[in-house]
Amino acid sequence: MSDTATTETLGFQTEVAKLLHLMIHSLYSNKEIFLRELVSNAADASDKLRFESLAHPELLAEDTELGIWIDFDADAHTITLRDNGIGMSRDEVISNLGTIARSGTADFVKNLSGDQQKDSHLIGQFGVGFYSAFVVAKQVDVRTRRAGLAASEGVFWSSQGEGEFSVGTIERAQRGTEIVLHLRDEATEYADGWRLRGIIHKYAEHIGIPVYMLKTQDETQGDDEKGEKEVAWEAINQAAALWTRPRTEISDDEYKAFYKHISHDFSDPATWSHNKVEGKLEYTSLLYIPTRAPFDLFNREAPKGLKLYVQRVFIMDDAEQFLPLYLRFVKGVIDSNDLPLNVSREILQSNPSIETIRSTLTKRVLDMLAKMAESQPESYQSFWDTFGAVLKEGVVEDHGNQEKLASLFRFASSRQADEKQNLSLDTYISQMPADQKAIYYVTAESFQAGRQSPHMEIFRKKDIDVLVMTDRVDEWMMSWLREYQGKSFVHVGKGDLSLDDVSAEDQKKAQETQEAEHGDLLKRLKDALGEQITEAKVSSRLVDSPACLVVAEGDIGLATRQMLEAAGQKLPPSKPRMEVNLDHALIKRMEVETDESRFKALSTVLYGQAALAEGMQLKDPSLFVGQLNQLLAQLLG
Ligand code: ADP
Ligand code: MG
């Protein structure tokens, strides 16, 4: 074993210790994934070696056939996995197998609730990696040597997964990594040839290098007259990278298994698209839409999901240049025949063919989503509920695809009793009365606030559907999305409202007449409310409420403005106007009120309730409450 003089015992990073504990206790019903993770690491190690050997061919030496060898000992209860990939140096072993380097992992672990049921769900989404070995093993021994280092610089690592590990230097003739799992009593079933083959078929069929196991004895005995056990390794997978195979020869299960391999996700993907492009640019892409959001979906810096290969050589993870940011949830592989093998992120940024590939892939994803919306509406709805808010960012990021994107959006409708976002713009348009020209929408803090807002009254009365938007990105998005299918979007609470069933001319005339007739009331209101409003006007939107506040078209909503200002944002100043409902008893009463101080109190109350209905916070709540109580007291006599 290792030279004791060089052996040290080290503690796992706190997060690792926590993760280990959680994993052992939460993955008991899904133990077999340890094999997927370890085979996947061995395949990654071969990818890395192949990549480094492009610049340093001597790293491969005579050992050029890369592979993964799996063996077991049913009596000793062990499983051994060996690869001749890149291997690890002593420092790499300590940091790779003692800490969690993957960005965001530490945060992830901190966010675990301690509730095992909930956390086991999270951990599945996160991907578990090397440490999953401890789900089945009471002890894990690793022997490894980094390609290019001397045989004397081999490393031995061992741990029982309980807080610490030991690491020492060994002689190791072979490059690459060997992992021995000493199975727990309740996991000895895995030291079995059939079992192992079954699991490897399930998870590793698509791996680009061969996975070997020893031929079963029955098969070898026949050839051997002396009855000695002959050792014969045989590849048990196809060893062709999945995306290089023709679509017709790949089963859905294989596509799903490959998705799990590249995404570390436990769940099946919602859908995928596999394409080979030939011509001026040659590349193959395999793109997946997941069913579940990663925990860091809203972190725009988080790693993106595409892996880049050039002529089947793995080049990099997180190849963010190939898809816009708003499609960051897409996972997959792109394999180019044209890019240089030494391509770097910098080269990608300035390479003109990347732009072409990117727009083709973008279109492909949008088409895939459109197809899903049509043929699997339920899956699409769940996709929308999970990723819709991210897709909306595309309206701003990707003008060229606005129309296509908008056709994929789903909204809550004021005609519905619940806030389910399941109405498409096409359906909205198809249900519009013939004389309706615009697409009406309202933005609000909550579905009920939007649906019950005073701005909605005339729409409710006329039974006109209004899209109720409550996502944080909606105000921002709608300031960029002006029309769809030639119909413009109109916010019901902003600007002048001209409903389509009355001609704009007639309406304007009627309003002018009314405003002239009630000019005195409007002027008194403006005087009473002063700088809080720009002006008071007669409303065409109100049915039940006495008054409402209206901002100019294109202006940011009042509640959002307050929220942004509270967060310290500087916005160009803007004030709402007040609109009043001449048919309302309170307004009629105010019109004949001669006591100026009472008129003022009524105006304050009127403004206050209109602001509250907007979802705003009152600047001076005690003044509002005081005036209201005074009026109530007078009323009660
Ligand atoms: P991930 O694969 O997501 O990086 P893992 O926990 O599976 O996370 O592995 C941690 C790290 O350990 C890997 O990134 C790699 O650097 C190293 N490693 C694991 N297995 C091997 C192996 N067979 N050969 C070389 N390095 C390995
Ligand atoms: Mg891994």
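The values are calculated or read from the model by the stated rules, or taken from the named source; none is laboratory data. Just so it is clear, the model here is predicted, and its values are computed rather than measured. With ideal geometry, Cβ positions are generated from the backbone for all residues, glycine too; neighbour counts draw on all protein chains shown. Just so you know, the surface numbers come from the protein's heavy atoms only, side chains and all, with ligands and any DNA or RNA stripped out. Shrake-Rupley method; radii C 1.70, N 1.55, O 1.52, S 1.80 Å.
Condition (residue is surrounded by 19 or more Cβ atoms within 10 Å (Cβ to Cβ) and under 20 Å from the mean Cα position of the chain (by Cα)) applied to the stretch 348-356: is it met by at least one residue? Within the stretch 348-356, not a single residue is surrounded by 19 or more Cβ atoms within 10 Å (Cβ to Cβ) and under 20 Å from the mean Cα position of the chain (by Cα).
Within the stretch 449-458, not a single residue is farther than 25 Å from A417 by Cβ, of a type in the set (K, R) and open to solvent by 10 Å² or more (accessible area, probe 1.4 Å).
Each residue in the stretch 122-139 was checked for being away from ligand 1 (no atom under 14 Å from the Cβ), at pLDDT below 80 and open to solvent by 10 Å² or more (accessible area, probe 1.4 Å), and 1 of them qualify.
Inspect the stretch 251-272 for any residue being buried (at least 16 other Cβ atoms within 10 Å of the Cβ), within 16 Å of ligand 2 (Cβ to nearest atom), under 22 Å from R36 (Cα atoms) and among the charged types (D, E, K, R) and give the result as yes or no. For the stretch 251-272, residues buried (at least 16 other Cβ atoms within 10 Å of the Cβ), within 16 Å of ligand 2 (Cβ to nearest atom), under 22 Å from R36 (Cα atoms) and among the charged types (D, E, K, R): present. Counting residues in the stretch 96-112 that are touching a helix residue (DSSP H, G or I) at 6+ places or on another chain (Cβ under 9 Å), at pLDDT 95 or above and outside any loop (DSSP other than H, G, I, E, B) gives zero. The condition of being open to solvent by less than 80 Å² (accessible area, probe 1.4 Å), among the hydrophobic types (A, V, I, L, M, F, W, C) and at pLDDT 95 or above holds for A191.
Number of residues in the stretch 497-539 that are free of Cβ contacts under 8 Å to residues at least 60 places away in the same chain, surrounded by fewer than 14 Cβ atoms within 10 Å (Cβ to Cβ) and either within 28 Å of L425 (Cα to Cα) or touching a helix residue (DSSP H, G or I) at 6+ places or on another chain (Cβ under 6 Å) (or both): the value is 3. Please verify whether Q617 is in contact (Cβ under 8 Å) with a residue 40 or more places away in the chain and within 44 Å of the chain's Cα centre (by Cα), treating the condition exactly as stated. It is true that Q617 is in contact (Cβ under 8 Å) with a residue 40 or more places away in the chain and within 44 Å of the chain's Cα centre (by Cα). On the stretch given as the stretch 381-415, residues that are without any contact (Cβ under 8 Å) to a residue 60 or more places away in the chain and either open to solvent by less than 10 Å² (accessible area, probe 1.4 Å) or touching a Lys or Arg at 6+ places or on another chain (Cβ under 6 Å) (or both) total 8.
Is it the case that the stretch 443-455 has a residue that's over 20 Å from G615 (Cβ atoms) and touching a residue at least 12 places away in the same chain (Cβ under 8 Å)? Looking through the stretch 443-455, none of the residues is over 20 Å from G615 (Cβ atoms) and touching a residue at least 12 places away in the same chain (Cβ under 8 Å).
Every residue in the stretch 290-305 that is over 21 Å from S40 (Cα atoms) and either open to solvent by less than 30 Å² (accessible area, probe 1.4 Å) or touching a Phe, Trp or Tyr at 6+ places or on another chain (Cβ under 9 Å) (or both), please.
Pass one, the stretch 290-305, residues over 21 Å from S40 (Cα atoms): 291-293, 295-302.
Within the stretch 290-305, T291, R292, A293, F295, D296, L297, A302 meet the criteria.
Total residues in the stretch 203-248 satisfying the condition of being at pLDDT below 80 and over 19 Å from S46 (Cα atoms): the figure is 16. Here Q116 clears all of (1) modelled with pLDDT under 65; (2) farther than 22 Å from S29 by Cα; (3) touching a helix residue (DSSP H, G or I) at 6+ places or on another chain (Cβ under 7 Å) except the condition numbered (2).
Once the stretch 42-66 is narrowed to residues that are among the hydrophobic types (A, V, I, L, M, F, W, C) and open to solvent by 30 Å² or more (accessible area, probe 1.4 Å), the residue that is nearest to ligand 2 (Cβ to nearest atom) is F51.
When you scan the stretch 542-556, do you find a residue that is over 16 Å from E457 (Cα atoms) and out of contact with any strand residue (DSSP E or B) (no Cβ under 8 Å at 6 or more places or on another chain), even just one?
Keep residues of the stretch 542-556 that are over 16 Å from E457 (Cα atoms), which gives 551-556.
Retained after the next criterion (residues that are out of contact with any strand residue (DSSP E or B) (no Cβ under 8 Å at 6 or more places or on another chain)): 556.
Yes: one or more hits.
This table checks each residue for (1) open to solvent by 70 Å² or more (accessible area, probe 1.4 Å); (2) under 21 Å from K494 (Cβ atoms).
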| site | (1), (2) |
| --- | --- |
| P576 | no, yes |
| L582 | no, no |
| R589 | yes, no |
| E596 | yes, no |
| Y607 | no, yes |
| M616 | no, yes |
| K619 | yes, no |
| L628 | no, no |
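Close contacts from the stretch 274-285, counting a first residue that is acidic (D, E) and a second that is part of a strand (DSSP E or B) and open to solvent by 30 Å² or more (accessible area, probe 1.4 Å), with Cβ to Cβ under 9 Å and a gap of 6+ residues or different chains, come to E282/K276. Selection of the stretch 306-330 for residues being open to solvent by less than 40 Å² (accessible area, probe 1.4 Å) and in contact (Cβ under 8 Å) with a residue 60 or more places away in the chain yields Y309, V313, F314, I315, P324, Y326, L327, R328, F329.
Filter the stretch 388-434 for residues that are assigned to a loop (DSSP other than H, G, I, E, B) and farther than 25 Å from L361 by Cβ and give the result. Don't jump to the end; show me each part of the working.
Start the filter on the stretch 388-434 by keeping residues that are assigned to a loop (DSSP other than H, G, I, E, B), which leaves 393, 398, 409-410, 414-422, 424, 432-434.
Answer for the stretch 388-434, where residues must be assigned to a loop (DSSP other than H, G, I, E, B) and farther than 25 Å from L361 by Cβ: S414, R415, Q416, A417, D418, E419, K420, Q421, N422, M432, P433, A434.
For S488, the conditions (1) part of a helix (DSSP H, G or I); (2) closer than 24 Å to A412 by Cα; (3) open to solvent by 20 Å² or more (accessible area, probe 1.4 Å) all hold with the exception of (1).
Can you spot a residue in the stretch 39-60 that is farther than 17 Å from R146 by Cα, within 12 Å of ligand 1 (Cβ to nearest atom) and either in a strand (DSSP E or B) or not hydrophobic (A, V, I, L, M, F, W, C) (or both)?
Here is the first cut: in the stretch 39-60, the residues farther than 17 Å from R146 by Cα are 39-40.
So of that shortlist, the ones also within 12 Å of ligand 1 (Cβ to nearest atom) come out as 39-40.
Checking the rest, the ones that are also either in a strand (DSSP E or B) or not hydrophobic (A, V, I, L, M, F, W, C) (or both) come to 40.
Yes.
Candidates in the stretch 67-85 are the residues that are open to solvent by less than 10 Å² (accessible area, probe 1.4 Å) and part of a loop (DSSP other than H, G, I, E, B); of these, the one that is farthest from ligand 1 (Cβ to nearest atom) is G67.
Counting only residues that are among the aliphatic types (A, V, I, L, M) and under 18 Å from D47 (Cα atoms), how many does the stretch 249-285 have? Residues that pass the stated criteria total 1. Considered as a group, the residues in the stretch 9-41 that are polar (S, T, N, Q) and either crowded, with 21+ Cβ neighbours inside 10 Å or within 27 Å of the chain's Cα centre (by Cα) (or both) include one that is farthest from ligand 2 (Cβ to nearest atom), and that residue is S29. Among residues that are open to solvent by 10 Å² or more (accessible area, probe 1.4 Å), without any contact (Cβ under 8 Å) to a residue 24 or more places away in the chain, over 16 Å from H491 (Cα atoms) and of a type in the set (A, V, I, L, M, F, W, C), A370 is not included. Please identify the pairs in which a residue from the stretch 253-272 that is of a type in the set (S, T, N, Q) has its Cβ atom under 6 Å from the Cβ atom of a residue that is within 16 Å of ligand 1 (Cβ to nearest atom) and open to solvent by 10 Å² or more (accessible area, probe 1.4 Å), counting only partners at least 6 apart or on another chain. So the pair list comes out as S263/K331.
Mind telling me which of the residues M563, M578 ends up being free of Cβ contacts under 8 Å to residues at least 40 places away in the same chain and among the hydrophobic types (A, V, I, L, M, F, W, C)? Step through it out loud before you land on a result.
Values: M578 fails: free of Cβ contacts under 8 Å to residues at least 40 places away in the same chain.
Step by step, each of M563, M578 is checked, and only M563 is free of Cβ contacts under 8 Å to residues at least 40 places away in the same chain and among the hydrophobic types (A, V, I, L, M, F, W, C).
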